[in-house]
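Colleague: One structure, as structure tokens, below. Some questions next.
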Amino acid sequence: MITFDFDARLALVTGASRGIGKQIAGELLDANCKVLGTYSTDEKSASDCRNQFASFGSDFELLKKDVSIGSDIIELFDYAEGRFSREISLLVNNAGILKQRPFIELSVEQWRNTFEVNLMGPFFICQEFLKRCHSGGSIVNISSIGGQTGGDKAPDYAATKSAIISLTRSLARLGSGQNIRANAVAPGWIKTEIFSEQQLNQLERQARQMIPLGRMGTPDEVAKAVLFLLSDAASYITGHCINVNGGMYFG
């Protein structure tokens, strides 16, 4: 088993209260990292997350923040540096929203909201990160297979996740002078609580037919790819997108 030790560096993980973000936060804590997580609305998930990670004491904190508001992001970085007495040097942009509906019923309000959270949020956070991280930082942006193949059920979401890959490549160039790497991870069908039991059962049946590895993925499989890209083991990898999709898409 591959293990990582981040030497008490500080990581910011957005959307950390549940699903993939929560798994990433937990794996980072296990790897000797201090973690500041954010969430937006789900108070129950936030409470459950805090309780689950209580054993890590002061090494973990979860804050309610709207990542689409630039002033909130500046406050978040200011708070992190004071609270943990170090700069954020590891960044995972995971927060996102997904609402499926027919394209002809998609409202301007939903389109705008999806872009504000899924794309404006990472823009604000990465811009602040590049201002404050002096050297040796690492960014991982969570994209999606929908951003690579298109999404007929959530085209607004797919558009933002495609843009995230392009933004990541730009960040790789922008950060190179400071030895800051930027990569993306594009999950495929992952078992998380966003799906009902009925939906999961249906997806698992479809996965046996549609996915070369014959199953859905798990949050820890995504988290392990994220930790690799954040770590020094990936010190010569930047501007890349790793697919964690069981072979659904090879591009």
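The values are calculated or read from the model by the stated rules, or taken from the named source; none is laboratory data. All values derive from a computational prediction rather than experimental measurement. For neighbour counting, all protein chains shown are included, and Cβ atoms are generated from backbone atoms with ideal geometry for every residue, glycine included. Calculation scope for accessible area: heavy atoms of the full protein, side chains included, ligands and nucleic acids excluded. Shrake-Rupley method; radii C 1.70, N 1.55, O 1.52, S 1.80 Å.
Colleague: Name the residues in region 162-179 that are under 19 Å from the mean Cα position of the chain (by Cα) and open to solvent by 70 Å² or more (accessible area, probe 1.4 Å), would you?
Modeller: Residue satisfying the conditions is ARG169 alone.
Colleague: What number of residues in region 127-140 are in a strand (DSSP E or B) and not small (Gly, Ala, Ser)?
Modeller: Going through region 127-140 one residue at a time, the tally reaches 2.
Colleague: Residues to consider are ALA80, ALA95, ALA54, ALA31; find the one that is touching a Leu at 6+ places or on another chain (Cβ under 6 Å) and either at pLDDT 95 or above or of a type in the set (Lys, Arg) (or both).
Modeller: Details: ALA95 fails: touching a Leu at 6+ places or on another chain (Cβ under 6 Å); ALA54 fails: touching a Leu at 6+ places or on another chain (Cβ under 6 Å); ALA31 fails: touching a Leu at 6+ places or on another chain (Cβ under 6 Å).
Result: ALA80 is the single residue among ALA80, ALA95, ALA54, ALA31 that is touching a Leu at 6+ places or on another chain (Cβ under 6 Å) and either at pLDDT 95 or above or of a type in the set (Lys, Arg) (or both).
Colleague: Which one of these does PHE124 not meet: (1) assigned to a helix (DSSP H, G or I); (2) over 19 Å from LEU10 (Cβ atoms); (3) touching a residue at least 12 places away in the same chain (Cβ under 8 Å)?
Modeller: With (1) assigned to a helix (DSSP H, G or I); (2) over 19 Å from LEU10 (Cβ atoms); (3) touching a residue at least 12 places away in the same chain (Cβ under 8 Å) applied to PHE124, the lone miss is (2).
Colleague: Does region 54-110 hold any residues that are outside any helix (DSSP H, G or I), open to solvent by less than 30 Å² (accessible area, probe 1.4 Å) and touching a residue at least 60 places away in the same chain (Cβ under 8 Å), and which are they?
Modeller: ILE88, SER89, LEU90, LEU91, VAL92, ASN93, ASN94, ALA95
Colleague: In region 19-69, which residues are acidic (Asp, Glu) and closer than 18 Å to ARG83 by Cβ?
Modeller: Passing the criteria: ASP59, GLU61.
Colleague: Something else: When region 183-221 is examined, which residues are found to be in contact with a Cys (Cβ under 8 Å, 6 or more places away or on another chain) and either within 14 Å of ILE145 (Cβ to Cβ) or part of a helix (DSSP H, G or I) (or both)?
Modeller: Listed by number, the residues that qualify are ALA184, VAL185, ALA186.
Colleague: Could you grab me the full set of residues in region 115-161 that are open to solvent by 10 Å² or more (accessible area, probe 1.4 Å), in contact with a strand residue (DSSP E or B) (Cβ under 6 Å, 6 or more places away or on another chain) and more than 25 Å from ARG101 (Cβ to Cβ)?
Modeller: The answer is none; no residue qualifies.
Colleague: Quick one: what pairs do we get from region 222-246, first residue touching a residue at least 24 places away in the same chain (Cβ under 8 Å) and within 15 Å of ILE20 (Cα to Cα), second open to solvent by 50 Å² or more (accessible area, probe 1.4 Å) and among the polar types (S, T, N, Q), C-beta under 8 Å, 6+ apart or different chains?
Modeller: Here the result reads VAL222/GLN23; ALA223/GLN23, each pair linking region 222-246 to a residue that is open to solvent by 50 Å² or more (accessible area, probe 1.4 Å) and among the polar types (S, T, N, Q).
Colleague: Return the residues of region 19-40 that are open to solvent by 60 Å² or more (accessible area, probe 1.4 Å) and within 18 Å of LEU227 (Cα to Cα); say none if nothing qualifies. Steps first, please.
Modeller: Residues of region 19-40 open to solvent by 60 Å² or more (accessible area, probe 1.4 Å): 23, 30, 32, 40.
Residues satisfying the conditions are GLN23, ASP30, ASN32.
Colleague: Could you count how many residues in region 185-215 are modelled with pLDDT of 95 or more, of a type outside the set (A, V, I, L, M, F, W, C) and either buried (at least 17 other Cβ atoms within 10 Å of the Cβ) or in contact with a Ser or Thr (Cβ under 8 Å, 6 or more places away or on another chain) (or both)?
Modeller: Within region 185-215, residues that are modelled with pLDDT of 95 or more, of a type outside the set (A, V, I, L, M, F, W, C) and either buried (at least 17 other Cβ atoms within 10 Å of the Cβ) or in contact with a Ser or Thr (Cβ under 8 Å, 6 or more places away or on another chain) (or both) number 2.
Colleague: Go through region 41-51 and report how many residues are open to solvent by 70 Å² or more (accessible area, probe 1.4 Å) and either among the acidic types (Asp, Glu) or in a loop (DSSP other than H, G, I, E, B) (or both).
Modeller: Adding up the residues that qualify gives 2.
Colleague: Separate question: Just the residues that are open to solvent by 50 Å² or more (accessible area, probe 1.4 Å) and more than 19 Å from GLY188 (Cα to Cα), please, taken from region 216-236.
Modeller: Matches in region 216-236: ASP232, ALA233, SER235, TYR236.
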